[in-house]
Amino acid sequence: MNFEKLNPYIKQLKVDYLYHLGIDSSMDLSLFNDLEYIIFTRSDRDILLFASIFAKENNIREFKGYPIFKTERFHMYKIGSVLAISHGIGSPSLLICLNEIAKLVYHINRPNVKFIKISPAGGIGGAKVGDLSLVDLALNGKLEPLFHSIECGRDYAYSTIMDNSLLHDIADFLNKFDHNVLIGSAIGSADFYEEQARIDGFLPLTTTVEDRDLFLQKAISFNVKTLNMEATAFASFCNELMISACAVDVIVVDRTHTDVVPLTEDKQHIIMSNAFNLISKYIASKLSAYK
Amino acid sequence: MKINSYIKDQKPDFYIYNLNLMLTPDVLNKFSNIKHVFLQGSPDRVTKFACKLANTNNTNQLEKLFVGSNYLGYKVNDVLLISHGMGNTSMITLLHSLSKVLYYAGSHDVKYIRVGTSGGIGIEPGSVIVTDTAFMPNLVPGFKISALGRDVIYPTGMSYELNQKILKAQPYDLPFKVLLGNSIAADDFYLGQARFDGAITPEYTQFDREEYFKKLQANDIYNFEMESTALASFCNRADIEATMIAVTLLDRLKEDQICVTKEILDSYAERAITVATNYLKVA
């Protein structure tokens, strides 16, 4: 993160209340002095799974599986020099998390902390269930590399074009495992159904099956491999603060064949565990390189 | 309740991903008599309200629903309580999935009521707002869906009749105000709600913010939150009566950061529950 890009108002606050994390800047934050990576994923269940896998992989015996600080909105775990946090569904929830985590990173003075987001997503363009796709570009529903926001009543558009150095480092490592890791664009939508061209939502259809297929084909021509609900917000936020970051999409449904996620909880567990295992190994390799 | 004709006659024996719920005859039977759904932001709040309605302090006496999903629910008689997470995206994802369950289970006369917290705009903290119309942050009384790259804006008026019932159910001697007003649903807690304490530097100035807040007040907008437009537009399109009851935790004309004690916050949150419970007694 480039602290010069951070909102200067934060730097002059006597105490900064990170309300949803349950942390404020006057607390003893020395727990975070060794932070190197922050892992984000959607659900409380998945973030505990990541934290457990990382702890096991790295022999961190003191990990007990209890989240730290406030648990009302997000669940946070510290495992070695990794902070893992669940951010909820959608850009609005993710942005609350990112804003407060970024401010935390400033307060603990760790500008080189890297952000990795690992989320379930729908796959297209050859992406199959269980594949990982590293997001090299986040697009909105109009296939533009922009994230739109309304601030004080006015429209703003933020670029989602990120520095992909971390992405390439992760891709190089994962390819050593001979794992089929894709690299492609992701569409960030504001809803699971209509904005992801699904026709099985509860509300009356406003588009036809043909419209949907045309839209997905057009997305494929833009090298889109995944659709999820946070891609553009994550990319634009990290770009804005020059955070070294990468989004890893884990495909849970092949959208070229169906709208319905075909996996029950057990199968989701296996697929997410696989992704978390690979990223844990990546982080472990980097941490041992630092020593 | 009006369902998408494409899935109306589907046999309800499939897995609902966002609720981690397999539809079976037993599951559908469980949800077959629901009259009210109370939607709240967090699992903790839902648990607290469920315990209150079930008259118990022991959460183990209540069956947790939708475990393993991003949402937590409880059923107490003909009331379903469920957490919706933060933001319109989380809310609308829930509404699609939940409404399918209730439709296939036969609960077609259900009412959806969000009970939550918000930032007041020129309102005494601790006041409860019942929403008449939900607004987008650019002051459009609607909710935008961008399907296949095309933007459509849907109306976001809450249910007039339901609101009147809620207001009339309140006793005269409540120690706090209950007001009918409009709400604004932002898509972000910081820049989207004109705060100055987010991580990203705002483009707007203090003057811009004051002008913006004046426009909000001119539209009778009493509070900021993050889910009302998704709720209102979905329920209008699905023909479900709905509204929002939200307590204000602070006055945004005076401050951005929520730094009152947990005890005060909890007591404020309890006020929204009180208003909802008063309505339920006479519903």
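The values are calculated or read from the model by the stated rules, or taken from the named source; none is laboratory data. Everything numeric in this text was worked out from a predicted model, so none of it was measured. Glycine gets a Cβ as well: all are built from the backbone with ideal geometry, and neighbour counts include every protein chain shown.
Of the candidates B:Leu28, B:Leu23, B:Leu19, B:Leu53, the single residue that is away from chain A (no Cβ under 14 Å) and touching a Phe, Trp or Tyr at 6+ places or on another chain (Cβ under 8 Å) is B:Leu28.
Check whether at least one residue in the range A:179-188 is within 21 Å of B:Ile92 (Cβ to Cβ) and in contact with a His (Cβ under 8 Å, 6 or more places away or on another chain), and report yes or no. There is no residue in the range A:179-188 that is within 21 Å of B:Ile92 (Cβ to Cβ) and in contact with a His (Cβ under 8 Å, 6 or more places away or on another chain). Just for the range A:23-56: of the residues that are surrounded by fewer than 21 Cβ atoms within 10 Å (Cβ to Cβ), touching a residue at least 24 places away in the same chain (Cβ under 8 Å) and more than 21 Å from the chain's Cα centre (by Cα), which one is nearest to the other protein chains (Cβ to nearest Cβ)? Among residues in the range A:23-56 that are surrounded by fewer than 21 Cβ atoms within 10 Å (Cβ to Cβ), touching a residue at least 24 places away in the same chain (Cβ under 8 Å) and more than 21 Å from the chain's Cα centre (by Cα), the one nearest to the other protein chains (Cβ to nearest Cβ) is A:Ser25.
Quickly run through the range B:195-223 and pick out the residues that are of a type in the set (Phe, Trp, Tyr), closer than 30 Å to A:Asn2 by Cβ and in contact with a strand residue (DSSP E or B) (Cβ under 7 Å, 6 or more places away or on another chain). Within the range B:195-223, B:Tyr204 is the sole residue that qualifies.
Residues that are facing chain A (nearest Cβ under 9 Å) and surrounded by 15 or more Cβ atoms within 10 Å (Cβ to Cβ) within the range B:2-15 comprise B:Lys2, B:Ile3, B:Asn4, B:Ile7, B:Phe14, B:Tyr15, listed in sequence order. B:Leu81 meets the conditions (1) crowded, with 17+ Cβ neighbours inside 10 Å; (2) out of contact with any Ser or Thr (no Cβ under 9 Å at 6 or more places or on another chain); (3) not in a helix (DSSP H, G or I) in every case but one. The failed one is (2). Within the range B:83-99, residues that are more than 18 Å from B:Asn236 (Cβ to Cβ) and more than 8 Å from every other protein chain (Cβ to nearest Cβ) reach partners that are outside any helix (DSSP H, G or I) and not β-branched (Val, Ile, Thr) with beta carbons closer than 6 Å, at six or more positions or on different chains, in the pairs B:Ser83/B:Gln40; B:Ser83/B:Ser42; B:Ser83/B:Tyr71; B:Ser83/B:Leu72. Among the conditions (1) among the small types (Gly, Ala, Ser); (2) touching a Pro at 6+ places or on another chain (Cβ under 9 Å); (3) surrounded by fewer than 19 Cβ atoms within 10 Å (Cβ to Cβ), A:Ser165 misses just one, which is (2). You will find that of A:Ile199, A:Ile183, the residue that is in a strand (DSSP E or B) and buried (at least 16 other Cβ atoms within 10 Å of the Cβ) is A:Ile183 and no other. Just one of (1) within 30 Å of A:Thr71 (Cβ to Cβ); (2) part of a helix (DSSP H, G or I); (3) modelled with pLDDT of 95 or more fails for B:Ile113. It is (2).
For the range B:120-204, the strands (runs of 3 or more DSSP E) that sit wholly inside it and include 2 or more residues that are closer than 30 Å to B:Thr261 by Cβ and more than 7 Å from every other protein chain (Cβ to nearest Cβ) are B:128-135, B:178-185. Residues in the range A:229-260 that are touching a residue at least 12 places away in the same chain (Cβ under 8 Å), under 27 Å from A:Asp211 (Cβ atoms), outside any helix (DSSP H, G or I) and not acidic (Asp, Glu): A:Met229, A:Ile251, A:Val252, A:Val253, A:Arg255, A:Thr256, A:Val260. For the range B:247-257, a residue qualifies if it is over 10 Å from B:Val115 (Cβ atoms) and touching a residue at least 40 places away in the same chain (Cβ under 8 Å), and the qualifying residues are B:Thr248, B:Leu249, B:Leu250, B:Asp251, B:Arg252, B:Leu253, B:Asp256, B:Gln257.
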